[in-house]
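In what follows, a structure is listed as structure tokens, so that the remarks can point back to it.
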Amino acid sequence: MKLLITGAAGFIGSNFVYYWREHSPGDRLVCLDALTYAGNLNTLLPALAQPHVRFVQGDITNTALVDALFAAEDFDAVINFAAESFVDRSITHPDIFLRSNVLGTQVLLDACRTHGGVRFHQVSTDEVYGDLPLDRPELLFTEETPIRCSSPYSASKAGADLLALAYHRTYGLAVTVSRCSNNYGPFQFPEKLIPLMILKALDDAPLPVYGRGANIRDWLHVRDHCAALALILQKGTPGEVYNIGGRNERDNMTVVRSILHELGKPESLISYVTDRAGHDLRYGIDPAKMHRELGWLPETGFAEGIAATVRWYVENQSWWAAILDGSYRLTAIPA
Ligand SMILES: NC(=O)c1ccc[n+]([C@@H]2O[C@H](COP(=O)([O-])OP(=O)(O)OC[C@H]3O[C@@H](n4cnc5c(N)ncnc54)[C@H](O)[C@@H]3O)[C@@H](O)[C@H]2O)c1
């Protein structure tokens, strides 16, 4: 199989490259990434040293580049991770979110259409469903929950999802969409909650918690997410949406306390900061369809997953130090 993985130098995309290599080492993987500030070539270097893995630096909105790549590689499938992904940045710069997340997806879909016979999977987010109240734990997002976005980020992801599903209906393209909850694990850029808090705590610096830290997220270990995505690519039904969640709801304070506990640091490091505009209260996913139709279940409990994640950041200081000092942007693409 020849697979195009966009956004492969980001957090989930890179984990997916390693997951796929481990399970299907004979497949050819082409990793396409624009290497924005969130893309980190260092993460991919060990994979790029292996046979059948190619890296291309390029933007998914670049029609000519995408077309040439499809013509040269004759892909069987595309999995689209490439996106601007940080809600706070979407509040200050909505335009780049619309360009990469919506128009970039359209360029990829058109390439699949032009070149024919290419399976397309769109990696999306539970944020397209808006949020749930904090005091109704029985309410969960299903695939039928109406789209109700809160941020320019989630609106751009919803736009891409709807476009992908419309290409299935209009052109008969073999498209699936998955919507997952918050991921955590190795290689996550330290602007996101869990790595940010780990690095602050390691530095004995104040841990900035939005509002009172009451917002609830359904934490999904990135490896469980990759396993779910692989199943959807192989066995998912075109035209369908699949929700992927960890059944691991935790409020932000609990997550931050777990990190401090793992590192043996005091809770006095917690410092409350002004809440994000339009901050969603709670996300909770019902992943029953993934289990019923594809036999998937998350395997990583939160206690085990957060301990392993904290350990990973402690043991891989050179990976994140290169981000903090900016040198990760200087890594050359291997010949
Ligand atoms: N991280 C999460 O918890 C989470 C949860 C739900 C959904 N998602 C979705 O999963 C996908 C991957 O998320 P992530 O956390 O790995 O994001 P990330 O920000 O870590 O990585 C995104 C990658 O996409 C690349 N990229 C951005 N714009 C591009 C463009 N125009 N052309 C080519 N490459 C481009 C970046 O360089 C980066 O390597 C995204 O689509 C995101 O919306 C993430």
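Each label was represented as a point 7 Å from its Cα along the Cα-to-Cβ direction; for L202 and R99 these points are 3.3 nm apart. Kirkwood analysis of the range 172-312, using all unique Cα-Cα pairs, places the hydrodynamic radius at 16.2 Å.
Could you list the square roots of 5 times each eigenvalue of the Cα gyration tensor of the range 1-129, that is, the equivalent ellipsoid semi-axes, sorted largest first and rounded to whole Å?
Semi-axis lengths for the range 1-129 are 22, 18, 13 Å.
In the full protein context, the range 13-127 carries 37 Å² of accessible surface per residue, based on a 1.4 Å probe and ignoring ligands, DNA and RNA. Positive contributions from Lys and Arg (+1) and negative ones from Asp and Glu (-1), summed over other residues with Cβ under 14 Å from the Cβ of T92, come out at -2. Can you compute log10 of I(q)/I(0) for the range 240-301 with the Debye formula, treating each Cα as one identical point scatterer, at q = 0.13, 0.15, 0.16, 0.19 Å⁻¹? Debye curve over Cα of the range 240-301, log10 I(q)/I(0) at q = 0.13, 0.15, 0.16, 0.19 Å⁻¹: -0.56, -0.69, -0.75, -0.87. As a calculated quantity, the FRET efficiency between A288 and R136 at R0 = 22 Å, using C-beta atoms, amounts to about 0.75.
Accessible surface of W312, taken over heavy atoms with a 1.4 Å probe and every protein chain present, rounds to 40 Å².
Give me the Kirkwood hydrodynamic radius of the range 262-335, using the inverse of the mean 1/r over all pairs of distinct Cα atoms, in Å to one decimal.
One over the average 1/r among Cα pairs gives 17.3 Å for the range 262-335.
For the chain, the longest principal axis of the alpha carbon atoms and the long axis of helix 11-23 meet at an angle near 60°. Could you please state how large a percent of the accessible area of the range 42-151 is carbon and sulfur, counting protein chains only and using a 1.4 Å probe? Carbon and sulfur: 54 percent of the exposed surface of the range 42-151. Separation of the range 157-201 from the range 270-335 is 12 Å, based on Cα centroids. What you get for the range 258-335, charging only the Cβ of Lys and Arg (+1) and of Asp and Glu (-1), is a dipole of about 160 debye around the Cα centre. Going by amide H atoms built from the backbone, whose H comes under 5 Å of the H on F55, apart from near neighbours? Amide H to amide H, under 5 Å and 5 or more residues apart or across chains, F55 pairs with C31. Accessible area of C112 (1.4 Å probe, protein heavy atoms only, ligands and nucleic acids ignored): about 0 Å². Inter-part distance, the range 109-146 to the range 227-269, computed on C-alpha centroids, equals 16 Å.
Rounded to two decimal places and with Rh computed the Kirkwood way over Cα pairs, what is Rg over Rh for the chain? So for the chain, dividing Rg by the Kirkwood Rh gives 0.94.
Residues L109, L139, ordered by accessible area of protein heavy atoms at a 1.4 angstrom probe radius and largest first, appear as L139, L109. Among I270, I194, the sequence by solvent-accessible area, most first, with a 1.4 Å probe is I270, I194. With Cα atoms as the point set, the range 1-67 shows a radius of gyration and Dmax of 11.2, 32 Å. Take the range 244-292 with all the other protein chains still there, run a 1.4 Å probe, and you get 47 Å² of accessible area per residue. The range 74-130: percent of C-alpha pairs farther apart than 15 Å? Tail of P(r) above 15 Å: 54 percent of Cα pairs. Here the chain is assigned +1 on the Cβ of each Lys and Arg and -1 on the Cβ of each Asp and Glu. Its dipole about the Cα centre then comes out at about 220 debye. Where the centre of each part is set by its Cα atoms, how far does the range 2-34 sit from the range 208-225, in angstrom? Measuring centre to centre over Cα atoms gives 25 Å. Multiplying the residue separation of E22 and L297 by 0.36 nm and removing their Cα-Cα distance gives an extension gain of 97.1 nm.
Which sequence of T170, T63, T6 reflects their accessible areas, 1.4 Å probe, from the largest down? Display every interim value, and only then the final one.
Working: T170 95, T63 75, T6 0 Å².
If we order T170, T63, T6 from most to least accessible, we get T170, T63, T6.
Note on E240: accessible area is roughly 60 Å² with a 1.4 Å probe, heavy atoms of protein only.
The values are calculated or read from the model by the stated rules, or taken from the named source; none is laboratory data. Because the structure is predicted, anything quoted here is derived from the model rather than measured. Cβ atoms come from the backbone with ideal geometry, glycine included; neighbour counts cover every protein chain shown. Heads up: the accessible areas ignore ligands, DNA and RNA and are worked out on the full protein's heavy atoms, side chains in. Shrake-Rupley method; radii C 1.70, N 1.55, O 1.52, S 1.80 Å.
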